[in-house]
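Accompanying notes for the structure given below.
Coordinate-derived values only; no laboratory data. Note that the structure is a prediction, hence the values are computed from the model and not measured. Every residue, glycine as well, gets a Cβ built from its backbone with ideal geometry; the counts of neighbours run over all protein chains shown.
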Amino acid sequence: MSLTTIAVIAALKVIVFLGAVLTGCAWATWLERKLVGHFQHRMGPSYAGPYGLLQPIADAIKLIFKEDFMPDGAEKIMYTLAPMIAFIPALLSFAVIPFGDEVTIMGQQIDLVISDLNIGILFIFAVTSLGVYGIVLAGWSSGSKYSLLGGIRSSAQMISYEIAYGLSIIGVILVAGTLSMKELVVQQASFFDWFIFRQPVGFVLFVICAIAETNRAPFDLPEAESELVAGYHTEYSSMKFAMFFIGEYANMIAVACIATTIFLGGWQGPLFPPVVWFAIKVFLFMCFYVWLRATLPRFRYDQLMNFGWKALFPLALLNTMVTALLKTIG
Amino acid sequence: MLEVLIFYFSALVAIAGAVLMIVQRNPVASVLYLILSLAAQAVLYIQLSALFIGALLIIVYAGAILVLFLFVIMLLNLRGEHFEDKGPRLGRATKYALSVLFFAEFVVIIKELAFTERAGMLAAETAADFGGVEPVAELLYTKYLYPFELTSVLLLVAVVGAVLMAKREKTARQEDI
């Protein structure tokens, strides 16, 4: 392959994957509203198009034409930068997620991952740990009490859960002996090799911490509407608000992709092509997210902190120790 | 060619970020410039094919420690005006002396690392994957085991100290009531 071909293929991959993810984000909002609607015996969005399927497009048009408002007391530069800082790390993590096996298109062997780094998992943790800055800065720069409280809550919450989040996958890394996402998928070829069976505690920890990291119900304290209006994005409107919104859904999809890759066998599966299996698993995980939101009430703040530090963190340490012991013994 | 361009760009951003961090009045802006500088340094590490160290720099410093910094700044609600007209803590002579001392140290280190034969030797000693997971782990757990374990003791002391301070404040407040 010549250098030009490699560059063109890489560029195409980035465009196609980002397009797929952003489209997925738009229709994830539809999925959430529809599912929550049915959970609560409502219809959900149903006017725009069949089954309300065109609702995301209507929403997008509405958001673009809304007034872009900036409060008087805001720190202007950071107020503008914050949504971007929240939005970009959410998309970066998709760079190392393998969406499928190698395919041959027009005589070219193409790997369905943008970049198979040998420290793939660490890369994901590095970029997702930066997402908190967007929220914190949005809260700080808005010049509003509610926003500030939302931002402070968010930073405390993310610091607390990030430790257990990182530790939850150490078990998998110990068992697999690799940090490459692609290699992890290859090791889960048969059903019972999936890391969800080999690291069940790790999986439960991962899911709980991931929900806290993405600020989703029941851990959505930073935007608790009953006490903080809307938390860190109270003062935001128009496309700046939309960037927070899309960023949150991109983070959810990223977590679903990571869980699929690390614990649920990635693109492995019988009959259907790998990409289809990957999409099915991610879709089911997203439904699980929405299901949790519709079922569980929000935690109180001190409960959230106690749970993170006194339950999840020791459990994650214990899981790491036991896994390391078992690995050393045999 | 591209590599050289990336190197000079990241080096420039790293230094500019560090300088801008010092000259800010606003502490939040300082933190942000420090993050920028760290990100540029991570790029430099990655250019040296030390992917692991680059990722660690982002995860540990940008992702955890500086979030805590920002948290504290926001909690105390520090703005630029808190740092104005406090009067000098150190005398002017001490300030200049310290600046000269640090600059001299800086020059010596640069000279030692970049412009002597040792630089070539250092480059030759390091393996191609010196910044990977395994080489770093091997050094940490063999050659530098004692310093590494001592660091953990240091952290433990800090944790105990933090707990003690938090407790003392609580009892003091209860006595007030």
Worksheet item: To the nearest whole number, what is the average tally of beta carbon atoms from other chains within 10 Å of the beta carbons of peptide B:50-56?
Response: 4
Worksheet item: What does the charge add up to near A:Tyr47, with Lys and Arg as +1, Asp and Glu as -1, over the other residues with Cβ less than 14 Å from its Cβ?
Response: +3
Practice prompt. Determine the calculated [θ] at 222 nm for chain A from helices alone, applying -39500 (n - 2.57) to every DSSP H run no shorter than 4 residues and normalising by the residue count; nearest 500 deg cm²/dmol.
Written response: -21500 deg cm²/dmol
Item to complete: Specify the inter-centroid distance of segment A:1-63 and segment B:7-70, based on alpha-carbon positions, in whole Å.
Response: 34
Practice prompt. Tabulate in residue order the Karplus-calculated ³J(HN,Hα) for segment B:100-106, using 6.51 cos²θ - 1.76 cosθ + 1.60 with θ = phi - 60°, rounded to whole Hz; enter x for Gly and Pro.
Written response: 4, 4, 5, 5, 4, 4, 4
Discussion item. Residue by residue through segment A:283-290, what is 3J(HN,Hα) from phi via Karplus (6.51 cos²θ - 1.76 cosθ + 1.60, θ = phi - 60°)? Round to whole Hz and write x for glycine and proline.
Written reply: 4, 4, 5, 5, 4, 4, 3, 5
Worksheet item: To one decimal place, what Kirkwood hydrodynamic radius in Å is obtained for chain A from all pairs of distinct Cα atoms?
Response: 20.9
Practice prompt. Restrict the search to segment A:246-306; then list the trypsin sites (Lys or Arg not before Pro) that DSSP places in a loop and that have at most 12 other Cβ atoms within 10 Å of their Cβ.
Written response: A:Arg300
Worksheet item: Near A:Lys240, which lysines are there with a Cα under 23 Å away, not counting those fewer than 8 places off in the same chain?
Response: A:Lys62, A:Lys66, A:Lys76, A:Lys145
Discussion item. Students often forget the sequence filter, so: which lysines lie under 19 Å Cα-Cα from A:Lys182 once same-chain residues fewer than 8 apart are removed?
Written reply: A:Lys13, A:Lys281
Worksheet item: ³J(HN,Hα) across segment A:187-197 via Karplus (A = 6.51, B = -1.76, C = 1.60, θ = phi - 60°), whole Hz, x for Gly/Pro?
Response: 6, 10, 4, 9, 3, 7, 7, 4, 5, 5, 8
Response to the item:
Using alpha-carbon coordinates alone, the radius of gyration and Dmax of segment A:183-330 in Å work out to 17.8, 58
Worksheet item: How big is segment A:16-137 by Rg and Dmax over its Cα atoms, in Å?
Response: 19.0, 59
Worksheet item: Using DSSP loop states and a limit of at most 13 other Cβ atoms within 10 Å to flag chymotrypsin sites (Phe, Trp or Tyr not before Pro), what is the longest stretch of chain A containing no flagged site?
Response: A:70-330
